[in-house]
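Quick notes on the structure that follows.
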2 protein chains.
Amino acid sequence: MLRYRTVLTFQFCMKKIFPLLLLCLYIRDYSFSQSKQMYDSLARSLITTGLTSGKAYELLHELCFSIGHRLSGSSQAAQAVEWSKNKMNEFQFDNVRLESLFVPHWVRGNTEEAAMLNANGEPQIPLTVCALGGSIGTSPEGITAAVLEVQSFEELHSLQEKAKGKIIFFNRPMPKEKIMPFEAYGSAVNQRGSGAIEAAKVGGVAALVRSMTMRRDDVPHTGSMSYNDTVKKIPSAAISILDAELLSAALSKEKNVSINLKLSCETLPDVPSANVIGEIVGSEKPEEIILVGGHLDSWDKGHGAHDDGAGCVQTIEALRILKQLGLQPKRTIRAVLFMNEENGLRGGKHYAQSHSNEKHLAAIEADAGGFSPRGFGISTDSIRFEKIKTWAYLFASIDADNFKKGGGGADISELAKQGIPVLGLRVDTQRYFDYHHSDNDTFDKVHERELELGAIALAILVYVLAEEGL
Amino acid sequence: MLRYRTVLTFQFCMKKIFPLLLLCLYIRDYSFSQSKQMYDSLARSLITTGLTSGKAYELLHELCFSIGHRLSGSSQAAQAVEWSKNKMNEFQFDNVRLESLFVPHWVRGNTEEAAMLNANGEPQIPLTVCALGGSIGTSPEGITAAVLEVQSFEELHSLQEKAKGKIIFFNRPMPKEKIMPFEAYGSAVNQRGSGAIEAAKVGGVAALVRSMTMRRDDVPHTGSMSYNDTVKKIPSAAISILDAELLSAALSKEKNVSINLKLSCETLPDVPSANVIGEIVGSEKPEEIILVGGHLDSWDKGHGAHDDGAGCVQTIEALRILKQLGLQPKRTIRAVLFMNEENGLRGGKHYAQSHSNEKHLAAIEADAGGFSPRGFGISTDSIRFEKIKTWAYLFASIDADNFKKGGGGADISELAKQGIPVLGLRVDTQRYFDYHHSDNDTFDKVHERELELGAIALAILVYVLAEEGL
């Protein structure tokens, strides 16, 4: 009986369920292959449009040459806000608006920054330095003190009896053996961020930090540093790689090495500024948002071309190409140009707080330079990661189909804390820290097609996410 | 009975064969995982060694600044041969030798190349031009003629009655919509290679060719061109992009547009030169060879830094790092720096002929610029392709694991004709044609770490191939 029933069940399966299953599979595959074909052709259109009539490079040229660098609180930052809003309007984005917030206002000051090296009474040698962002200045006559070179905070604290009254020179290089420059940066940047605090703890009178770069030249690289309330605030500056080597050589050869350091920087009261926002409103689920953005502020060096002029113009360009092709996906694509990533993250924090009631499906940031795209770094759960990865094939023709776990951006890190999936545009970063936060970060370092390909990659991804959801 | 035998057979399988099969699978997996572990650790060592104590950049600096560009037949090419041999000896390569051959000897000549634009009798405008390699020169007073602009050979032949006595201006751009610049180059380069032939067929007196680049600047790009025996030889020169645009605008606006073109180039008798060869001789099967190389000659413009100084120093560096780590694989790794890739391919042809009795398992060329590596392009049968692809994981950490079908290099194309698998180092080529064959191709355009990473990729691949065979 049992056996007969089994046979019957089997026959039923073969006759009824199996064909139905086959049909379902066929429909699924057919529909997948249809949507694959549609997205293939869409990606191809976006690529051709971007490469033949793209505007990312032209936009970056305008930003770099009509405005230049744009530190939070500066008049250039204010101009950049207006410029971005105007561009978004010109390209007919929806709901173009500024969202106001207050930002820190640190200024480098008008006196020339200087560090004069005095070794055994020989003629003084000028070292190329620049104040780190957030540092206090010195008195007009500067600080003159002997120098103590260290490679780490551990070494500093082990030598603390020698540190009192000295300028502490943090000279640990970014480790060359790290393949990805961002990793090398991560290994060394605590000297810049916390050097002044650690130096002050042992009685140091100033901190001088080897620039965060692997390029051997005479250009100092600035960047953010911080103080805390428990120790004295002391001035902190970056020194170029060549002069860090020169100073280190002088210290190893000479006995009486001192430096006179003059910085005229100061922190003024907070000033009003804004995030700049524009959208392509979704046709079916406008309340579901795919965010894409970069940061509009930069350090007060070079043009802020790669960091992050590139990410801003790529964000604008991504939506502009979609508009040019008349593409409106089901969900809303929102471009956000954040203010104050470099020295406060006020824009990112303000956005996350004031939009916490909205439904963000994903947030993507472009802030690793305008180099050739390689794919996306993705921070989310495994299911969403795999879903996003199924679209990697759309990026194969532009060699940007390498999707990896882990990624995002500083401006969207507060959204990540709310559990929103965050992604970062992955690019080829070997050259990034040659330019980063320095006078080297100028327009001519950005390549037109590399920049545009990054914008195209953003356009493809935001469109697919806004169409398919996540 | 049948059923009983089936059961017996099944039992036999389960008891005897199945465990054996499991054991085999285990051994295979264990041995694969052992060799995977070994190669992982080897790749890691090569990466660390290259990034921390690599010499590729230093070698390129020496080649560029102590020798400079090195066109076949020039004294610099002869110096580059000696320099390479000395470097291979210094790094203790095995069997370092020169293999002599004769090369073409085309020279640009000593008179300044010039093209003066005369539009309606206005003051003449100098256009930036340079002779194409292989072109005949003009008389000292130059050729003065009206100009006919065309986009293609088809257009030229359809206008042939207008072409007689004119300078034919081939102005079809490299198509921007091609994602890979090499493809765009391939779409436009027939104008440079055959422009003089096609122009002469319709009675043209000279050919002026839009430079093979997508960068808008005033630097002309040279490159090879050819004649045939059936039509008259006429002079042929490249014009910079900005001046191609200027000339085109003048032609569309003015009626009487003529150019006076002066070139002093000529072809001298062939001269002796050489390929430079060095090896790491295999420990078990020294007769089986993995070849890796680039070309030592360059055009007589810039430093020939990316094309192909980079490939040469990467070839030397790949073997040098292996030597530094004391690695000797089972089979022979042979470095070959070919002479005369640019205007004759004599080195590649000579090598393929004179080594046809040897057993080459694979030949790899690095000749797409010293940019960030992305993987390898591989031309071989599917079985070998899949075998090579199994090692792609070794390149994942340096983001160079994108192995694709199709690839090789001009110098090893004759080996490919003999059925030998050929591979090309794939790099990020978006910037390549900005520099290619022009004064833009200088040392400063090459990035130290990008260059070194390419050398590391070559080192890993040649070692694995020489150890595992193919």
task = Mind listing whichever residues of the range B:174-194 are without any contact (Cβ under 8 Å) to a residue 60 or more places away in the chain, crowded, with 17+ Cβ neighbours inside 10 Å and touching a helix residue (DSSP H, G or I) at 6+ places or on another chain (Cβ under 9 Å)?
result = B:LYS176, B:LYS178, B:ILE179, B:GLN191, B:SER194
Failed criterion for B:SER211 (all others in (1) of a type outside the set (A, V, I, L, M); (2) buried (at least 24 other Cβ atoms within 10 Å of the Cβ); (3) in contact with a Lys or Arg (Cβ under 8 Å, 6 or more places away or on another chain) hold) = (3)
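Residue-wise test of (1) among the small types (Gly, Ala, Ser); (2) within 30 Å of A:GLY121 (Cα to Cα); (3) surrounded by fewer than 22 Cβ atoms within 10 Å (Cβ to Cβ).
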{"residue": "A:LEU148", "(1), (2), (3)": "no, yes, no"}
{"residue": "A:GLY203", "(1), (2), (3)": "yes, yes, yes"}
{"residue": "A:ALA206", "(1), (2), (3)": "yes, yes, no"}
{"residue": "A:ARG216", "(1), (2), (3)": "no, yes, yes"}
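Could you tell me whether the range A:433-452 includes any residue that is in a helix (DSSP H, G or I), of a type in the set (Phe, Trp, Tyr), out of contact with any helix residue (DSSP H, G or I) (no Cβ under 9 Å at 6 or more places or on another chain) and surrounded by fewer than 22 Cβ atoms within 10 Å (Cβ to Cβ)?
So the first thing to find is which residues in the range A:433-452 are in a helix (DSSP H, G or I), and the list is A:433-435, A:443-445, A:448-452.
Retained after the next criterion (residues that are of a type in the set (Phe, Trp, Tyr)): A:433, A:435, A:443.
From what's left, out of contact with any helix residue (DSSP H, G or I) (no Cβ under 9 Å at 6 or more places or on another chain): none.
No, every residue in the range A:433-452 fails to be in a helix (DSSP H, G or I), of a type in the set (Phe, Trp, Tyr), out of contact with any helix residue (DSSP H, G or I) (no Cβ under 9 Å at 6 or more places or on another chain) and surrounded by fewer than 22 Cβ atoms within 10 Å (Cβ to Cβ).
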key: Filter result (within 14 Å of chain B (Cβ to nearest Cβ), crowded, with 19+ Cβ neighbours inside 10 Å and in a helix (DSSP H, G or I)) within the range A:383-399   = A:LEU394, A:PHE395, A:ILE398
ask   = Among the numbered criteria (1) part of a loop (DSSP other than H, G, I, E, B); (2) touching a residue at least 24 places away in the same chain (Cβ under 8 Å), which single criterion is violated by A:ALA363?
value = (1)
remark   = A:GLN328: passes all of (1) surrounded by fewer than 24 Cβ atoms within 10 Å (Cβ to Cβ); (2) on the phi < 0 side of the Ramachandran plot; (3) in contact with a Phe, Trp or Tyr (Cβ under 9 Å, 6 or more places away or on another chain); (4) more than 14 Å from every other protein chain (Cβ to nearest Cβ) but (3)
inquiry  = If I go through the range A:432-444 residue by residue, how many of them are within 17 Å of the chain's Cα centre (by Cα), charged (D, E, K, R) and more than 11 Å from chain B (Cβ to nearest Cβ)?
reply    = 1
task = Could you list all residues from the range B:256-306 that are more than 23 Å from B:VAL129 (Cβ to Cβ), of a type in the set (D, E, K, R) and touching a residue at least 60 places away in the same chain (Cβ under 8 Å)?
result = B:ASP270, B:GLU279, B:LYS285, B:GLU287, B:GLU288
query = Does B:LYS164 satisfy the criteria of being within 14 Å of chain A (Cβ to nearest Cβ) and of a type outside the set (Ser, Thr, Tyr)?
reply = no
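Residue-by-condition table, conditions (1) of a type outside the set (A, V, I, L, M); (2) over 22 Å from the mean Cα position of the chain (by Cα); (3) within 14 Å of chain B (Cβ to nearest Cβ); (4) in a strand (DSSP E or B):
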position: A:ARG215; (1), (2), (3), (4): yes, no, yes, no
position: A:PRO220; (1), (2), (3), (4): yes, no, no, no
position: A:LYS232; (1), (2), (3), (4): yes, yes, no, no
position: A:LEU246; (1), (2), (3), (4): no, yes, no, no
position: A:ALA250; (1), (2), (3), (4): no, yes, no, no
position: A:ASN260; (1), (2), (3), (4): yes, yes, no, yes
position: A:PRO272; (1), (2), (3), (4): yes, yes, no, yes
position: A:GLY278; (1), (2), (3), (4): yes, no, no, yes
position: A:SER283; (1), (2), (3), (4): yes, yes, no, no
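Can you work out which of the residues in the range A:193-213 that are of a type outside the set (A, V, I, L, M) and closer than 21 Å to B:ARG449 by Cβ is nearest to the other protein chains (Cβ to nearest Cβ)? Before you say what the answer is, go through the steps one by one.
Our first condition is that a residue be of a type outside the set (A, V, I, L, M); within the range A:193-213, this holds for A:193-195, A:198, A:201, A:203-204, A:210-211, A:213.
Applying the additional criterion that residues be closer than 21 Å to B:ARG449 by Cβ yields A:210-211, A:213.
Numbers: A:ARG210: 17, A:SER211: 16, A:THR213: 12 Å.
The extreme case among them is A:THR213.
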query = Regarding A:PHE371, is this residue closer than 21 Å to B:SER397 by Cβ, at pLDDT 95 or above and more than 10 Å from chain B (Cβ to nearest Cβ)?
reply = no
request  = Residue by residue through the range B:263-305, note down the ones that are surrounded by 24 or more Cβ atoms within 10 Å (Cβ to Cβ) and of a type in the set (S, T, N, Q).
outcome  = B:SER273, B:ASN275, B:SER298
ask   = Among (1) closer than 28 Å to B:ARG449 by Cβ; (2) away from chain A (no Cβ under 14 Å), where does B:ALA78 come up short?
value = (1)
message = So if I check each of B:ALA466, B:ALA410, B:ALA455, which one is away from every other protein chain (no Cβ under 14 Å), touching a Ser or Thr at 6+ places or on another chain (Cβ under 9 Å) and among the small types (Gly, Ala, Ser)?
response = B:ALA466
request  = State whether one or more residues within the range A:127-138 are surrounded by fewer than 16 Cβ atoms within 10 Å (Cβ to Cβ) and among the polar types (S, T, N, Q).
outcome  = no
task = Considering each of A:SER372, A:SER354, A:SER397, A:SER379 in turn, give the residue that is over 25 Å from A:ASP428 (Cα atoms) and among the small types (Gly, Ala, Ser).
result = A:SER354
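Listed here are the residues, each with its yes/no results for (1) β-branched (Val, Ile, Thr); (2) over 19 Å from B:ASN343 (Cα atoms).
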| residue | (1), (2) |
| --- | --- |
| B:PHE395 | no, yes |
| B:LYS405 | no, yes |
| B:ASP411 | no, no |
| B:THR429 | yes, yes |
| B:HIS436 | no, no |
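Which ones in the range B:400-413 are touching a helix residue (DSSP H, G or I) at 6+ places or on another chain (Cβ under 7 Å) and either surrounded by fewer than 20 Cβ atoms within 10 Å (Cβ to Cβ) or small (Gly, Ala, Ser) (or both)?
So in the range B:400-413, the residues touching a helix residue (DSSP H, G or I) at 6+ places or on another chain (Cβ under 7 Å) come out as B:400-401, B:403, B:405, B:408, B:410-413.
Across the range B:400-413, the qualifying residues are B:ALA400, B:ASP401, B:LYS405, B:GLY408, B:ALA410, B:SER413.
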task = Can you tell me which residue within the range A:414-431, out of those that are within 11 Å of another protein chain (Cβ to nearest Cβ) and outside any loop (DSSP other than H, G, I, E, B), is surrounded by the most Cβ atoms within 10 Å (Cβ to Cβ)?
result = A:VAL427
Of residues in the range B:410-443 being without any contact (Cβ under 8 Å) to a residue 60 or more places away in the chain and out of contact with any Lys or Arg (no Cβ under 9 Å at 6 or more places or on another chain), the one farthest from B:MET212 (Cα to Cα) = B:GLY419
Odd one out for A:LYS176, checked against (1) closer than 19 Å to A:ALA250 by Cα; (2) assigned to a loop (DSSP other than H, G, I, E, B); (3) not aromatic (Phe, Trp, Tyr) = (1)
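The values are calculated or read from the model by the stated rules, or taken from the named source; none is laboratory data. None of the values given here were measured: they were computed from a predicted structure. Methodologically, a virtual Cβ is constructed for each residue, glycine included, from the backbone with ideal geometry; neighbour enumeration extends over all protein chains shown.
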